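Take a look at the structure below.
The values are calculated or read from the model by the stated rules, or taken from the named source; none is laboratory data. Since the model is a prediction, treat every value here as computed from it, not as a measurement. Cβ atoms come from the backbone with ideal geometry, glycine included; neighbour counts cover every protein chain shown. Ligands, DNA and RNA are stripped out before the accessible areas are found, and what is left, the full protein with its side chains, is counted by its heavy atoms. Shrake-Rupley method; radii C 1.70, N 1.55, O 1.52, S 1.80 Å.
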Amino acid sequence: MQPTTLARRFFSGPFGRRLAGLFLALGVATAASAATTRIAVLEVEPDARYDETRLFFRGLAQPLGRPFAGAEVALREARFVGQAVGTEFALERVSGGDASALVAAVERLAKDGVRFFLIDAPAPVVADVSKAVRGRELLLFNVSAPDDALRQEQCQPNLLHTLPNDAMRADALAQFLVSKKWRSVLLLEGPKPEDRLLAAAFERSAKRFGLKIAERRPFVLSNDPRQRDQGNVALLTAGPDHDVVFVADSDGEFARSVPYRTVRPRPVVGSEGLVATAWHWSWERHGAPQLNARLEKQAARRMAAPDWAAWMAVKTVVEAVVRTQNAPFPALAKYIKGEDITLDGFKGSRLGFRPWDNQLRQPMLLATHNAVIERAPIAGFLHPTQNLDTLGFDRRDSRCAF
């Protein structure tokens, strides 16, 4: 594809049209020698979340690959924007075995002028890295850890979250269930700490929106004959009647066996059946097909939530650089975290970061394996100031103290 053709497609999109208008208004010309805004992607290696065996099953609540691909797509889009404002954008990929290695990488890159970092790591690593570099002139974007604690007790002023957290996903599902009048829920919970976090998030949402947990039952996926009954879906779903089954399974291995094996004909949600996610490859509105096509071309696979989160993080940096005309870092950071920023995530709403926990406000997609069924917030769920704040921790719910 010729560069002029790609540029024409980019500027025909909603984000591109706004930028093109800005360029005309400012009268900005391409600089002969452009400055460079460098963005680093930090990864833990190895990372069990991307184990080939786990990715093979393509679970609904699982990533489909490293989100670096989403950052690469955003960088390709930004090249034409950079030419127009006299700035180039560069992406660097760094991996480390643990939090200490990533902290060392951040310190080295920061000394070399890098101010923006995407971090693709489990929550404990994200927490340690963000705490270690607190107070530095840099911003971290969490693109793959949904844990609520990172937005609550472990929050940091330099850590922003483009991936939605567990509370946002649970609230989106709860709104959908209420809208369907499926108010009684059987909750199946796995043995891992991450499973307990998912179950706790949904219990919070159930209380918030008036759902009833008919019963909370543990499951175990094991080859041990003594634990066979604890993994028997028919036994687990027998007993008190319910309208829907919520499965809290961070691995997705057990969850994929639940639909069509329940005693009663009941829908399955949570980690399988119907999930709440930041992105789904079947989303067809607001320019999504074009974005999905670009990711598939880049990575030879479909786009998932972490890919979108990485894409969104790079787009955030690009937007800030353009709107502030590549201002010094304090002005860039202030704009990114301020109320005036307008981010287009191809989901139909203006996006920006919540000032009380640095979580990106965004709609959630409720999807099956091959279709988006609904977008949350669901119609009728209102908020005094911002309906997107019906998803996740509102200001009054926040325990974050920067």
Sort Leu388, Leu382 by heavy-atom solvent-accessible area, probe 1.4 angstrom, most to least.
Leu382, Leu388
Any idea of the accessible area per residue across the stretch 40-129, 1.4 Å probe, to the nearest Å²?
41 Å²
Counting only DSSP beta bridges with both residues in the chain, what percent are antiparallel, rounded to the nearest 5?
20 percent
Leaving ligands and nucleic acids out of the surface, order Lys212, Lys337 by accessible area at 1.4 Å, largest first.
Lys212, Lys337
Which pairs break 31 Å Cα to Cα here: Lys181/Lys334; Lys111/Lys337; Lys180/Lys315; Lys180/Lys347; Lys111/Lys297?
Lys181/Lys334; Lys180/Lys315; Lys111/Lys297
Report D for the stretch 198-291 in µm² per second (integer): Stokes-Einstein, Kirkwood Rh on Cα pairs, 20 °C, 1.002 mPa s.
143 µm²/s
Highest-first arrangement of 374-381, 245-252, where packing means the average Cβ count within 10 Å
245-252, 374-381
Highest mean first, how do 122-131, 70-79 rank when packing is the count of other Cβ atoms within 10 Å averaged over residues?
70-79, 122-131
Rank these by accessible area, largest first, 1.4 Å probe: Lys181, Lys192.
Lys181, Lys192
Pseudo-spin-label distance Gln227 to Ser95, built 7 Å along Cα→Cβ, given in nm, is 3.0 nm
Descending packing, highest mean Cβ count within 10 Å first, for 348-361, 226-239 is 348-361, 226-239
In a Debye calculation with equal point scatterers on the alpha-carbon sites of the chain and no solvent, what is log10 I(q)/I(0) at q = 0.11, 0.13 Å⁻¹?
-0.79, -1.09
Can you work out the accessible area per residue across the stretch 207-326, with the rest of the protein chains kept in place, probe 1.4 Å, in square angstrom?
45 Å²
Solvent-accessible area, 1.4 Å probe, carbon plus sulfur percent, for the chain:
51 percent
Cut-off 14 Å, label point 7 angstrom out along Cα-to-Cβ of Ser184: give me the residues of the stretch 265-301 whose amide nitrogen falls inside.
265-267
Roughly how much of Arg302 is accessible, in Å² to the nearest 10, using a 1.4 Å probe?
110 Å²
Quick one: which residues, 5 or more positions from Arg93 or on another chain, have an amide H under 5 Å from its amide H? H modelled 1.01 Å from N in the peptide plane, none for Pro or chain starts.
Val41
Compare the Cα positions of Pro259, Ala234, Leu198 along the charge dipole of the stretch 190-264 (+1 at Cβ of Lys, Arg; -1 at Cβ of Asp, Glu; about the Cα centre) and return the one farthest towards the positive end.
Leu198
With springs only between Cα atoms under 10 Å apart, run a GNM on the chain and tell me which of Thr262, Thr53, Thr162 wobbles the most.
Thr53
